[in-house]
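Notes follow once the structure below has been shown.
The values are calculated or read from the model by the stated rules, or taken from the named source; none is laboratory data. Because the structure is predicted, anything quoted here is derived from the model rather than measured. When we count neighbours, we look across all protein chains shown, and the Cβ atoms used for this are built from the backbone with ideal geometry, even at glycine.
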Amino acid sequence: MVTAIMTDVSKNHVFHKLFLKTVQTTATILLMYPAYSTAAEWKIVPRLNLLETYTDNVTLAERGQEKSDFITQIMPGVSLSGTGARLKVNVNYTMQNLFYANENNRNRTVHQLNAKENAELIKNFFFLDSTANISQQNISLLGPLTTNNENITNNRTTIKTYSISPYIQHNFSNFASAQARYSHNAVYADTGGLSESQSDNILLNLTSGSAFSTLGWGLNYSKQKIDRLGTSINGLNRSVENERSTANLRYRVSSRFSLTGTGGYQKFTYQSITGKSAGAFWTTGFVWTPGERTSIAANTGKAFFGTTYMLKASHRTRRSTWSLNYNQDITTTRDQFLIPATTDTAHFLDQLWTSNIPDPIMRQQTIDAFIRDNGLSASIFDPINFLTTQFFLQKRLQASVALSGTRNTLVLSIFHMLREPQTLGDANDSLPGINNLGLNSNTKQIGGNALWSWKVTPRTSVNIGAMFIRSNILAINREDETKTFRVGLTKQIQPKLNGSINFRHVERTSNQIGSDYRENAIIASLLMSF
């Protein structure tokens, strides 16, 4: 039941824990270091978003079983930003209240939160990073896929994360720099094969300084322990450790080109279905920076799980941003939720508009408007991070380009991701209504996005978007394709009042009988800021 998946805040104890963690961390910083808060520039922007949606298939049911509905959404929110010499705080919170004309027993409240903080507690020595996030995500590749909370499915849940990371760093003149970091984080899911987990991490590294201008070096050690609070064997909580030691070299051939190499040892304590969970690794590659706005890094090597490849390339001009990335590593669903976003919508547009909109507050407001007007989520560029307690080898390729003109913005993105399980699926990975996921099978996702925004007048813009994703579960020969098309008109009615109307069409085809569906929806909204 969706009402069990997304509960009201009064019944959501995990939400309270997460919220309190965020408040306590921020309050501690401000109380212990009042000079930081008074020196920082603070800005609070309350807002209220009102939406009315008509959909001809509110449950994304198969053809012949569609149900139409009107959905009213009342979404108060607030943005908080604080910027100072030694403190940076950004918080964005929205309370989404959904009311259904026909399915009124599914009325509910969900929350979205994106908060991060960076503080320099002792100048040039002691630092603190913290984050907190609440979002709604798809659970499985087999269920209906949606980027909004309007549709009523059993394939969507609330994910809550937080992380706290104090660290110290010190420079030994021009000889080397050292960092010692401790991180504690937690991931909670309301339902579906992830459960609750906490992780403690230690990271130590020593990196050569400017004295080593030709041959640079580095030493790194990390250890992670994951405790799965909701998953147990014989009544005992299960934990997994990941320990890694690395040495790296960088030989500077010229001021713009360097050769790189790494070597080390990694060990996981999980029981591997491949027979391998530890071993030595090495890589060799290069770093090339032909210009200030262009960089390319690539390497190849061997690890206990096979041959490895890595590519990271970016190029930026005044009117465009380009990126191409490929990486592969052993990871988990929970760790993917905690990785800082580097290719999501907001980050990508921030890179694009850095030159054109130098003021960070104005740039963030422009980014938020673009995401809202196109009906986007913050991770629109990403494949589905479906929920599972497994460890898997993830191979991911992603390419994106954004072009910005005087009146037009165009964003294109494609991705290809393969996941190969390294451990058996847990009992909790069987999800109500969408069982037999083929968890011990490889899964593949291919997709792309195209977004175009045209500013017809200074206060009116037309937005067109298209998304495509094809998912395959190889062992059971399951293939699904989901296509989404959206077109809308946005107008600034008053300086702090914006209105928009959008049309959305979603269609899914599958080689599994009973999994096809189609939806058409019209969405009208008013956004007021104060």
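Whether a residue is over 15 Å from Trp217 (Cα atoms), without any contact (Cβ under 8 Å) to a residue 40 or more places away in the chain and surrounded by fewer than 14 Cβ atoms within 10 Å (Cβ to Cβ) was assessed, and Lys267 does not pass this test. Could you go through segment 242-251 and let me know if any residue there is touching a residue at least 12 places away in the same chain (Cβ under 8 Å) and assigned to a loop (DSSP other than H, G, I, E, B). Checked segment 242-251: no residue is touching a residue at least 12 places away in the same chain (Cβ under 8 Å) and assigned to a loop (DSSP other than H, G, I, E, B).
Working only within segment 191-203, note down all residues that are in contact with a Lys or Arg (Cβ under 8 Å, 6 or more places away or on another chain) and modelled with pLDDT of 80 or more. Passing the criteria: Glu196, Ser197, Ser199, Asp200, Asn201, Ile202, Leu203.
Conditions (1) modelled with pLDDT under 75; (2) in contact with a Gly (Cβ under 6 Å, 6 or more places away or on another chain); (3) buried (at least 17 other Cβ atoms within 10 Å of the Cβ), marked per residue:
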site: Asn374; (1), (2), (3): yes, yes, yes
site: Phe391; (1), (2), (3): no, no, yes
site: Leu418; (1), (2), (3): no, no, yes
site: Lys455; (1), (2), (3): no, no, no
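Within segment 307-329, restricting attention to residues that are over 24 Å from the mean Cα position of the chain (by Cα) and modelled with pLDDT under 95, the residue that is surrounded by the fewest Cβ atoms within 10 Å (Cβ to Cβ) is Arg318. Exactly one residue out of Leu497, Leu451, Leu474, Leu437 is over 25 Å from Arg396 (Cα atoms) and either among the aliphatic types (A, V, I, L, M) or at pLDDT below 90 (or both): that is Leu497.
Which is aliphatic (A, V, I, L, M), surrounded by 15 or more Cβ atoms within 10 Å (Cβ to Cβ) and out of contact with any Pro (no Cβ under 6 Å at 6 or more places or on another chain), of Ala280, Ala297?
The unique qualifying residue is Ala297.
Exactly one residue among Thr22, Thr59, Thr3, Thr38 is at pLDDT below 55, out of contact with any Leu (no Cβ under 8 Å at 6 or more places or on another chain) and either in a helix (DSSP H, G or I) or hydroxyl-bearing (Ser, Thr, Tyr) (or both), and that residue is Thr3.
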